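**Q** A single structure is presented below for examination.
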Amino acid sequence: MRDRSRLIAPLVALCLFWLSTVQMRAAIEIKIGSVAPERSPWHTALLKMARDWETISGGQVKVRVYPGGIAGSELDMIRKIRLGVLQGAVLTNMGMMRIEKSVLVFNLPFVFSSDEEFNYVFSRLKPVFEARVEESGFKVVQWTQSGWVYFFTKGPVFYPDDLKKYKISITKDDPELEQVWEKMGYKVVPQDTKDMMIGLESGMISALYLPAVMAASGQYFALASHMLAPKLAPLVGGLILSRKTWEQIPESFRPAMLEAADRQAKVLSEEIINLEAEALKAMKDHGLVINQPSEEAMAMWREASSRAINSLLGRVIPADVYQKTLDLIREYRTGSEK
């Protein structure tokens, strides 16, 4: 009997250890913050990915989403991830720049001229960004391209000098881009998005730097009823987790989880492209005037932007990634001309 007890005791201990390990794995909870409103395309895509992750992990990974800025601004969310209060966040260009400065190249105006050109460059630079983000203690699990930013103004704008009579609203979280616009000779007013309508009504601002979907949904185009036709810069976002959280997830689940995140990102990007087209049509139907600059004017815009960017290279704008971006654009344009 005593011998049997000696055999049973180690088995019981082993079973208890196994059960505790399973429970620890089942306890992986990932809290993700997002400024995207509830029921928006971004929020819906995130919920679908969360369900996919739970299925892939057999319930060992559970995701809780905090939409609509409940978890704070993008800077707040990054800080909370570092503190362990959150494990992840959905970030726009501005948030990603706070983690890895070189993402700034996608905010620069008049660098890219089409979705195809941007996609060509971005697919080749992604490994560079992801490696640098990982060095900062984060893991990029999803990238999204959410349309383009445009200029909306109270009056017509065709040439770079036309914009100098307007006061441009830009986000407070983007001091680097603020310097680019100032170097181009423009008056900028950093402010929160929630203050833009009051600013337009009061005259504090007279121009907006916004995605078309936001200009339509916020009805800003009713007061800033002119839009400069060219796409200024792509909106690139990402879902990040703390590297510590990512490494806690069993390695066998990770490839399928990344595939699920990428699948939802592609669906979201297609939906945003359609939403942007619908937003532009709806605004035009309700009085928006879209101003198309001549080729001469476009050359002036590109020259003014390039001059401002070059004056900030190395100090504000990472020179290596910017040069690589220009090389890839040249490579794409040369190939597409053949």
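The values are calculated or read from the model by the stated rules, or taken from the named source; none is laboratory data. Just so it is clear, the structure is predicted and the values come from calculations on it, not from any experiment. Backbone-built Cβ (ideal geometry, glycine too); neighbour counts: all protein chains shown.
**Q** Taking the stated definitions as given, is residue 293 touching a strand residue (DSSP E or B) at 6+ places or on another chain (Cβ under 6 Å) and either over 26 Å from residue 57 (Cα atoms) or among the charged types (D, E, K, R) (or both)?
**A** no
**Q** A follow-up question, please. Among (1) in a helix (DSSP H, G or I); (2) surrounded by fewer than 17 Cβ atoms within 10 Å (Cβ to Cβ), where does residue 315 come up short?
**A** So residue 315 meets the others, but not (1).
**Q** Follow-up question, since we're still on this one. Of the residues that sit in the stretch 206-238 and are assigned to a loop (DSSP other than H, G, I, E, B) and either at positive phi or among the hydrophobic types (A, V, I, L, M, F, W, C) (or both), which one is surrounded by the most Cβ atoms within 10 Å (Cβ to Cβ)?
**A** 224
**Q** Same structure, new question: Within 22 Å of the chain's Cα centre (by Cα) and either modelled with pLDDT of 90 or more or farther than 27 Å from residue 37 by Cα (or both): does that describe residue 222?
**A** no
**Q** Determine which single condition residue 276 fails, assuming it passes every other condition in (1) modelled with pLDDT of 90 or more; (2) surrounded by fewer than 19 Cβ atoms within 10 Å (Cβ to Cβ); (3) of a type in the set (Asp, Glu); (4) part of a helix (DSSP H, G or I).
**A** (2)
**Q** Checking the structure you have, find out if any residue of the stretch 260-268 is in a strand (DSSP E or B) and among the aliphatic types (A, V, I, L, M).
**A** Taking every residue of the stretch 260-268 in turn, none turns out to be in a strand (DSSP E or B) and among the aliphatic types (A, V, I, L, M).
**Q** Can you list residue pairs whose Cβ atoms sit under 8 Å apart, with the first residue in the stretch 52-78 being more than 9 Å from residue 35 (Cβ to Cβ) and the second being surrounded by 14 or more Cβ atoms within 10 Å (Cβ to Cβ) and among the polar types (S, T, N, Q)? Count only pairs 6 or more apart in sequence or on different chains.
**A** Short answer, once both residue conditions are applied: 52/264; 65/34; 66/34.
**Q** Can you confirm whether residue 318 is touching a residue at least 24 places away in the same chain (Cβ under 8 Å) and over 28 Å from residue 74 (Cα atoms)?
**A** Against the criterion (touching a residue at least 24 places away in the same chain (Cβ under 8 Å) and over 28 Å from residue 74 (Cα atoms)), residue 318 does not qualify.
**Q** Then there is this: For the stretch 110-149, which positions are over 16 Å from the mean Cα position of the chain (by Cα) and closer than 19 Å to residue 177 by Cα?
**A** 110, 111, 112, 113 - these are the residues of the stretch 110-149 that are over 16 Å from the mean Cα position of the chain (by Cα) and closer than 19 Å to residue 177 by Cα.
**Q** Filter the stretch 67-90 down to the residues that are closer than 13 Å to residue 29 by Cα and surrounded by fewer than 20 Cβ atoms within 10 Å (Cβ to Cβ) and list them by number.
**A** Within the stretch 67-90, 84, 85 qualify.
**Q** Further question on the same structure: Can you confirm whether residue 48 is touching a helix residue (DSSP H, G or I) at 6+ places or on another chain (Cβ under 6 Å), basic (Lys, Arg) and either at pLDDT below 95 or surrounded by fewer than 18 Cβ atoms within 10 Å (Cβ to Cβ) (or both)?
**A** When the stated conditions are applied, residue 48 passes them.
**Q** Does the stretch 244-256 contain at least one residue that is outside any strand (DSSP E or B), touching a residue at least 60 places away in the same chain (Cβ under 8 Å), touching a helix residue (DSSP H, G or I) at 6+ places or on another chain (Cβ under 9 Å) and charged (D, E, K, R)?
**A** No, the conditions are met nowhere in the stretch 244-256.
**Q** Filter the stretch 318-329 down to the residues that are surrounded by fewer than 17 Cβ atoms within 10 Å (Cβ to Cβ) and of a type in the set (D, E, K, R), then identify the one that is modelled with the lowest pLDDT.
**A** Here the answer is 320.
**Q** What number goes with the only condition from (1) in a helix (DSSP H, G or I); (2) over 30 Å from residue 185 (Cα atoms); (3) aliphatic (A, V, I, L, M) that residue 241 does not pass?
**A** Evaluating residue 241 over (1) in a helix (DSSP H, G or I); (2) over 30 Å from residue 185 (Cα atoms); (3) aliphatic (A, V, I, L, M) leaves (1) as the failure.
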